[in-house]
Amino acid sequence: MGAVSADPGQSASTDLGESFRDPDWFRAEIFAGATVVKQSRSQRDATGMYTSQFLFELAPGTTEEQCVERLKEINKDAVGELTVVKEQERTKLTGSAADYTVTHVCGPTPEGAMRSLVSYRWTRAPAG
């Protein structure tokens with residue numbers, strides 16, 4: 001069975017990877033000294049869109065504020081201003097680019113390690 005085309009004008013055999021490439025900021029190396037605890041990509045939904053995410057354990061001594069500032073920095077060109085909301089023990093950052101939305105979370109585990117969830121979800125087929 002061929003790959004599903006993200007654009008009705010494309011051939012059904014076109015690989016989604018050609019159209020749906022991770023944003024440049026979405027990399028395992030975004031936090032110095034961090035460990036990737038989990039990396040995942042959801043199944044495509046009925047419209048062919050999906051979510052990609054990393055769960056990082058940040059380097060010892062990294063604060064929640066440093067995590068938030070790093071996420072703002074890596075998203076500033078593609079997403080612009082992120083909405084930042086403090087939720088109990090975590091900070092949630094959300095925003096939108098032309099083709100996707102982002103949801104990021106920074107906060108400690110019960111054991112005191114700092115973790116960050118870095119995620120984006122396609123909202124429409126990327127241009128080009």
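Structure values in brief
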{"item": "Built amide H within the under 5 Å cut-off of Val37, gap 5+", "result": "Leu55, Phe56, Glu57"}
{"item": "Accessible area of the stretch 59-112 belonging to carbon and sulfur atoms, whole % at 1.4 Å probe", "result": "46 percent"}
{"item": "In sequence order, calculated HN-Hα J values of the stretch 37-46 (Karplus, 6.51, -1.76, 1.60; Hz; x Gly/Pro)", "result": "7, 7, 10, 8, 9, 6, 5, 5, 7, 4"}
{"item": "Extended-chain gain in nm, criterion 0.36 nm per residue less alpha-carbon gap, Glu81 and Ala28", "result": "16.9 nm"}
{"item": "Phi to ³J(HN,Hα) by Karplus 6.51 cos²θ - 1.76 cosθ + 1.60 over the stretch 112-120, Hz, x for Gly, Pro", "result": "x, 6, 8, 10, 9, 9, 10, 9, 9"}
{"item": "Calculated from backbone phi, Karplus (6.51, -1.76, 1.60) coupling profile of the stretch 86-91 in Hz, x at Gly/Pro", "result": "7, 10, 6, 9, 9, 10"}
{"item": "Residue-normalised accessible area of the stretch 15-80, expressed per residue, 1.4 Å probe, Å²", "result": "59 Å²"}
{"item": "For the stretch 26-75 and the stretch 79-101, distance of Cα centres in Å", "result": "13 Å"}
{"item": "Sites Arg21 and Gln43 - FRET efficiency at Förster radius 22 Å, r taken between beta-carbons, to 0.05", "result": "0.75"}
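The values are calculated or read from the model by the stated rules, or taken from the named source; none is laboratory data. Being a predicted model, the structure only gives us computed values, none of them experimental. Cβ sites come from the backbone with ideal geometry, for glycine too, and all protein chains shown count toward neighbours. Surface areas here come from the heavy atoms of the whole protein model, side chains and all, with no ligands, DNA or RNA. Shrake-Rupley method; radii C 1.70, N 1.55, O 1.52, S 1.80 Å.
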